[in-house]
Amino acid sequence: SYALYVVNMSTATLSYAPFYTNDLEFKPIDISTAVPGVTSIPVGENPQSMTGDSLGAFVVLTSAIKNDLSIVSVNDNREIAYQELDKTPGKITYHDAEDAYYVFFTDGTVRRLKITFDCGAGQGILPVSCSLSKDNIQVTWEHALKLDGTPSDYVAHPMGNYGYVSFADKRYVSVIGFDATAGSCLNGTSYPCEIKRLGAGFGCADGIDNDGNGLSDEKDPSCFYPWSVE
């Protein structure tokens with residue numbers, strides 16, 4: 001079976017609707033009303049972003065009103081853990097190779113989040129009968145890297161060893177590498193790290209030397225500062 005999760009910012013809920021492999025028709029669901037077959041799960045106020053893991057154990061959400069993070073158990077369809085954070089979170093993404101989540105904060109800080117569990121069958125084994133709670137999961141945070149800007153979104157490359165970060169206040173996209181196969185770090189040698197910057201916006205992606213200094217697009221350092229002619 002498959003499931004669709006939709007986050008509702010106005011009601012601070014996560015709506016869950018199951019689908020089955022023999023269903024050939026997907027119908028739109030109004031998550032603002034009570035719909036048969038849809039489970040509404042209360043989560044933190046004004047949820048901003050959410051992601052799942054490769055096992056289908058959790059849906060993890062970030063919320064901006066109280067700077068919090070919600071962990072929802074897929075088997076139980078309920079929030080099992082809640083944490084208030086020390087700064088405002090934005091985008092959250094799951095990195096399959098590390099079985100870890102990455103949370104991008106509005107000050108440019110990126111932290112790695114590990115959620116481990118043991119239901120009695122061994123660590124990381126998820127039987128259908130497994131009922132997860134805050135008592136049988138362990139949450140660990142680590143500093144990952146610091147970006148120069150306010151991250152607004154993240155897209156993973158299908159290869160899995162790097163991804164792209166856009167910013168609310170920068171005219172470029174950062175390429176983030178998770179190991180040496182992605183490329184060399186711009187600063188330092190500790191992964192994950194920023195490995196490249198791609199010019200974004202018309203002036204930094206048009207192939208023209210807009211400011212006449214002999215350099216164009218991302219080859220011109222002025223592309224990486226706000227309001228440059230380039």
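Only one of the listed residues (113, 145, 61) is open to solvent by less than 40 Å² (accessible area, probe 1.4 Å), touching a Phe, Trp or Tyr at 6+ places or on another chain (Cβ under 7 Å) and part of a strand (DSSP E or B). That residue is 113.
Here is a yes/no grid of residues against (1) within 18 Å of residue 9 (Cβ to Cβ); (2) under 14 Å from the mean Cα position of the chain (by Cα):
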residue	(1), (2)
56	no, no
67	yes, no
77	no, no
80	no, no
86	no, no
94	no, yes
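State yes or no: is residue 143 under 17 Å from the mean Cα position of the chain (by Cα) and farther than 16 Å from residue 111 by Cα?
On the way: under 17 Å from the mean Cα position of the chain (by Cα): yes; farther than 16 Å from residue 111 by Cα: no.
So residue 143 fails the test.
Of all residues in region 151-166, none satisfies being assigned to a loop (DSSP other than H, G, I, E, B), polar (S, T, N, Q), open to solvent by 20 Å² or more (accessible area, probe 1.4 Å) and over 20 Å from residue 54 (Cα atoms).
Look at region 186-215: where a residue is within 20 Å of residue 164 (Cβ to Cβ) and open to solvent by 50 Å² or more (accessible area, probe 1.4 Å) and a partner is at pLDDT 90 or above and assigned to a loop (DSSP other than H, G, I, E, B), sitting 6+ places away or on another chain with Cβ atoms under 9 Å, you get 191/178; 191/179; 191/185; 196/183; 196/186; 197/186.
So is residue 139 more than 19 Å from residue 204 (Cβ to Cβ), touching a residue at least 40 places away in the same chain (Cβ under 8 Å) and open to solvent by 70 Å² or more (accessible area, probe 1.4 Å) or not? Lay out the reasoning, then the answer.
Working: more than 19 Å from residue 204 (Cβ to Cβ): yes; touching a residue at least 40 places away in the same chain (Cβ under 8 Å): yes; open to solvent by 70 Å² or more (accessible area, probe 1.4 Å): no.
Judged against the criteria, residue 139 is not a match.
So is residue 126 open to solvent by less than 60 Å² (accessible area, probe 1.4 Å), under 17 Å from the mean Cα position of the chain (by Cα) and of a type in the set (A, V, I, L, M) or not?
Values: open to solvent by less than 60 Å² (accessible area, probe 1.4 Å): yes; under 17 Å from the mean Cα position of the chain (by Cα): no; of a type in the set (A, V, I, L, M): yes.
Answer is no for this residue.
Cβ-Cβ distances below 8 Å connect the following pairs, each with a first residue in region 152-181 that is under 19 Å from residue 98 (Cα atoms), a second residue that is among the acidic types (Asp, Glu), and a separation of six or more residues or different chains: 160/96; 161/179; 165/153; 175/194; 176/194; 177/194; 178/98.
Consider region 123-142. How many of its residues are of a type outside the set (Phe, Trp, Tyr) and assigned to a strand (DSSP E or B)?
Let us first name the residues in region 123-142 that are of a type outside the set (Phe, Trp, Tyr), namely 123-140, 142.
If we keep only those that are assigned to a strand (DSSP E or B) as well, we get 123, 137-140, 142.
Going through region 123-142 one residue at a time, the tally reaches 6.
The values are calculated or read from the model by the stated rules, or taken from the named source; none is laboratory data. Remember, predicted model here, so these are calculated numbers, not experimental data. Ideal geometry is used to build each Cβ from the backbone, glycine not excepted, and the neighbour counts take in all protein chains shown. Remember, those area values only see protein heavy atoms, side chains included, never the ligands or the DNA or RNA. Shrake-Rupley method; radii C 1.70, N 1.55, O 1.52, S 1.80 Å.
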